[in-house]
Each structure stands twice: as structure tokens, then as C-alpha cells.
Amino acid sequence: MRDTRGVRPRTVVLLASIAELLVLLAVAHVIGWGLTALAVLVSTVAGLALMRSAGAAGFAALRAQATPQASPVVGSPADHAWRFAAGVALAVPGFLSDLVGLVLLAPFLRRPLVAIGSAWVARRVVAVTAPGGGVLWEREGGPQPTPTVIRGEVVREDLPPTPPG
């Protein structure tokens, strides 16, 4: 049976890996293997450092939203999430992923991505809770109330009654 869902993630990963390898070979041919390896190493370390910084700042922003008396944090959790994604793209060895990471770092491009990503999450998520049960964010209208449960016996009328004994 044929898959009609569109492009499979495995296919995308395979094509991206082949493209990364071809670009890596082309760059190595132009500047040499030593400088290519150094550039890949530097971008990987920079990506890991960015992930660490954006992750810590993102959790601090979430904590600040959960506790109003906390000190103000610069940036929204969504902005830090995109910075973290840029760090992941930089940490992946290769120049095409580095280009994606640099695009995600550009503030004038990241702001629309934050707006688009926030709208996507708002359409799909009902509420976000913090550890301990505090509500960080709730969609307008909120989650539906749980139905009232009345304890008792279930009387099935679709079966014939069984004789006692």
C-alpha cells in the first residue's frame, strides 16, 4: 500500500545528510580538510554553548511566568525555544545545518517564527501546567470541566434478568 501522508521524515533526513556531505566535500576541496574540520568543530561547540544558554534562559522564563513575584526575565519561553533550536542546528556537524542555525538566530527572522510557532501551539494545546499544578498558560475557554460522577449501581436493561440464586 502506498503512503499518502506526504514526505516521510526518514526521506528528509536521508536527503539532508546527503546534501550536508556534498557541501562538506565541496568546502573541503576549496579550503582543505584541516580548516573544514576546524570550522565544523567550532560550530558544534558554539551550538552546544547556545543550547546550554538558551535552555537555562528558557527554564528561567517559564519559572518567572509560573511565579509572578520572581525577577523579570528577558525574552519569552518561545524565543528561547527558537534559540535552542538554532543551537541544535549549529551543533549538528555540517554547513547547511549551520546556515539554518544562523537564520534562526537572526532576530528579524526569529520574531515571525515565534509568532507562527506560538499560534501553532495555541491551536493545539489546551493548557500548560507547571510542576506542582500551577497553570502557566490556558487557552481562552480553558479545558472542559470534568463531568460529575454519581456513585451507584448500573442497571442494564438490554439483558434479560437473571434469576436469583
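A compact table of results
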item	result
Residues of the stretch 137-165 that turn out to be touching a helix residue (DSSP H, G or I) at 6+ places or on another chain (Cβ under 8 Å) and either among the basic types (Lys, Arg) or modelled with pLDDT of 70 or more (or both), as a count	1
Any pair with Cβ under 6 angstrom, 6 or more apart, that starts in the stretch 74-102 at a residue that is touching a residue at least 60 places away in the same chain (Cβ under 8 Å) and ends at one that is buried (at least 21 other Cβ atoms within 10 Å of the Cβ)	Ser97/Ala89
Considering residues of the stretch 3-52 that are of a type in the set (D, E, K, R) and surrounded by 12 or more Cβ atoms within 10 Å (Cβ to Cβ) only, the residue nearest to Gly87 (Cα to Cα)	Arg52
Candidate set from the stretch 11-44 (those that are touching a Leu at 6+ places or on another chain (Cβ under 9 Å) and among the β-branched types (Val, Ile, Thr)); member that is nearest to Ala89 (Cα to Cα)	Thr44
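The values are calculated or read from the model by the stated rules, or taken from the named source; none is laboratory data. None of the values given here were measured: they were computed from a predicted structure. FYI the Cβ positions are ideal-geometry reconstructions off the backbone, even for glycines, and counts take in every protein chain you see.
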